[in-house]
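The values are calculated or read from the model by the stated rules, or taken from the named source; none is laboratory data. Since this is a predicted model, take the numbers as computed values, not measurements. Cβ: placed from backbone, ideal geometry, glycine included. Neighbour counts: every protein chain shown.
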Amino acid sequence: MAYLTVRIKGVEGYSKSQLDKDRLVVGRAATCDVVIKHSSISREHCALVRQGEAWQVEDMGSANGTQINKVKIDKTAPVKEKDIIACGQARMTFHAGNQKDVEAAVDLNLEEGSDGPVRRRGAEDPPEAVPCGGCGAWLSIAHRIAGDTQVCPRCAHKNVVPNLVS
């Protein structure tokens, strides 16, 4: 069964998502099949669509667009083994076969590109996300200033970005 390894630029770790339906929607909305909680991802960013044994990626009118191997797609485009699908700051590696112990997403070369340099997190760096005071959903604060108000897209609670740097 096909699957994706999902990684967000500048954030440690990755996740894997099985492609167990003929159409899976990728986005930050909780109703999506593959949920990526990051502000650079649209609520419904793109969809992966199976047609027989082949897969296609369909951009769903996202704000930041969708790319396959650094080429922006207009509407739909085919995807094959180890193609890299870029949605905002997320990088998804497509795997046509069954999940293995291979950690392709971890070894992904995230060189500088049009969206800026990539920096590894240091041990003393403040967190890039904090929980919402209303519902507990994680909110990205990576590019926010302490004292800013951030409204939770899930529960509309007004959160104040804390000062985490001493």
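LYS37 passes every criterion in (1) surrounded by 16 or more Cβ atoms within 10 Å (Cβ to Cβ); (2) of a type outside the set (Asp, Glu); (3) touching a residue at least 24 places away in the same chain (Cβ under 8 Å); (4) assigned to a strand (DSSP E or B) apart from (4). Here is a check on your reading of the model: is LYS82 modelled with pLDDT under 95 and on the phi > 0 side of the Ramachandran plot? The answer is yes for LYS82.
Scoring SER42 on the criteria (1) under 12 Å from the mean Cα position of the chain (by Cα); (2) at pLDDT below 90; (3) part of a loop (DSSP other than H, G, I, E, B) leaves a single failure, condition (2).
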